[in-house]
Amino acid sequence: MTNSMDSLSALPLRDDLRGRSPYGAPMIDVPVTLNVNENTHPMPGEVVDAISRDVAAAALTLNRYPDREFSSLRQELASYLGHGLTAENLWAANGSNEILQQIMQVFGGPGRSVMSFVPTYSMYPLLADGTNTTFIAGYRAEDYSLSTELALAQIQEHRPNIVILCSPNNPTGTGLELGVIEAVYEAVAAYNGIVVVDEAYAEFAQDRSRNALTLLSGRPNLIVTRTMSKAFALAGARLGYFAAAPAVCDAVRLVRLPYHLSAVTQATAVAALRHRQQLLANVDDIRAQRDRIVDHLAGLGLKPAVSDSNFVFFGGLKDEKAAWQYLLDAGVLVRDNGIPGYLRVTAGTEAETSAFLEHMTAYIETFE
Ligand code: PMP
């Protein structure tokens, strides 16, 4: 029997996909799972009931294709976002991963490039590979910040077709100043490139009014992506979306699969948006747990980054792999992003956060 890697290499794979690794955050069943930046608070019962009712109604229609334009969902998203946006400005897909893939399919592709500034969300290069778009790994300052000067110098050198600014950035957690986004847009739009601001974690920002939706007006090449996987506690439903000029929605219609959002997905997301007050009620508690993690880790002598998200990236570890394993053995799963000295932890419920802090403290006191 050959092993699966031998079997894989025997297949007629595209040459540019040979030797590549798939997205692989470990899925390990432990009591405290704080490794993929989910909202770990339990779903409010009232919202579960509302979703169940609407999904049951949608089940009666499953013999038919769903609304290809997901009109109710786009209206609900526009009403949630505000900023004068209407359904024509909104587009949705199965997670913001699919949104980003559609953007690369339509504005990237063979002979074109996408640039982002690492360390950043690990799916960007994988989506670039999948769509045959060249990924350009821009760099950040030593403290992982990104200034206008640093971004512009690299953009001017490479002139990428698409620039993705992740704000708040994953894995570092810190949001970008709007001035950086404005300057990047000006430089990229000057040669008709596209700027994507990935705001998956926008609802957790220290200053929620500092977001790129405020920049959309008059910027036809700007796309702001969001997700219901984080603040809305809906990672399992797979619903990501973007806000942009209506022409950008027309562009992605060229590559989307027909009926890509199932009737069940649409019903779930609409019900969740209609109950957003209950769902988003946990966001403030998560922000409080996040701030608690930052304070506590700083007290241990570690170096937590400023966080505008629902997770904390912290450095100052002598051996992050040993720390990761120690926490796992204690039943707490966090994320090793492969950056020496650093780990990333999601802010959980108060009890989960306490478990993480307790074991982290014990580790530091015993081994570091
Ligand atoms: N963007 C960023 C920065 C993320 O961290 C994630 C999820 N970890 C996503 C996009 C994708 O989220 P989803 O596909 O669940 O919307």
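The values are calculated or read from the model by the stated rules, or taken from the named source; none is laboratory data. A quick note: this is a predicted structure, and the numbers were derived from the prediction, not measured. Cβ placement follows ideal geometry from the backbone for every residue including glycine, while neighbour counts extend to all protein chains displayed.
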Residues within the range 238-262 that are over 23 Å from GLY130 (Cβ atoms) and within 16 Å of the ligand (Cβ to nearest atom), tallied = 1
Do we have any residue at all in the range 1-23 that's surrounded by fewer than 12 Cβ atoms within 10 Å (Cβ to Cβ), within 16 Å of the ligand (Cβ to nearest atom) and assigned to a loop (DSSP other than H, G, I, E, B)?
-> yes
List the number of the failed condition for THR265; all other conditions in (1) away from the ligand (no atom under 13 Å from the Cβ); (2) among the β-branched types (Val, Ile, Thr); (3) farther than 29 Å from TYR342 by Cβ hold.
-> (1)
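So how many residues does the range 213-242 have that are more than 15 Å from the chain's Cα centre (by Cα) and not charged (D, E, K, R)?
Initial filter on the range 213-242 (more than 15 Å from the chain's Cα centre (by Cα)): 213-222.
Subsequent filtering for residues that are not charged (D, E, K, R) retains 213-218, 220-222.
Adding up the residues that qualify gives 9.
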Exactly one of (1) out of contact with any helix residue (DSSP H, G or I) (no Cβ under 9 Å at 6 or more places or on another chain); (2) within 30 Å of PRO42 (Cβ to Cβ); (3) surrounded by fewer than 16 Cβ atoms within 10 Å (Cβ to Cβ); (4) not hydrophobic (A, V, I, L, M, F, W, C) is unmet by PRO171. Its number?
-> (3)
For GLU157, are the conditions met, namely being among the acidic types (Asp, Glu), modelled with pLDDT of 95 or more and within 16 Å of the ligand (Cβ to nearest atom)?
-> no
Regarding ASP54, is this residue away from the ligand (no atom under 15 Å from the Cβ) and in contact with a helix residue (DSSP H, G or I) (Cβ under 6 Å, 6 or more places away or on another chain)?
-> yes
Quickly run through the range 200-237 and pick out the residues that are within 13 Å of LEU165 (Cα to Cα) and either surrounded by fewer than 24 Cβ atoms within 10 Å (Cβ to Cβ) or away from the ligand (no atom under 16 Å from the Cβ) (or both).
-> ASN211, LEU222
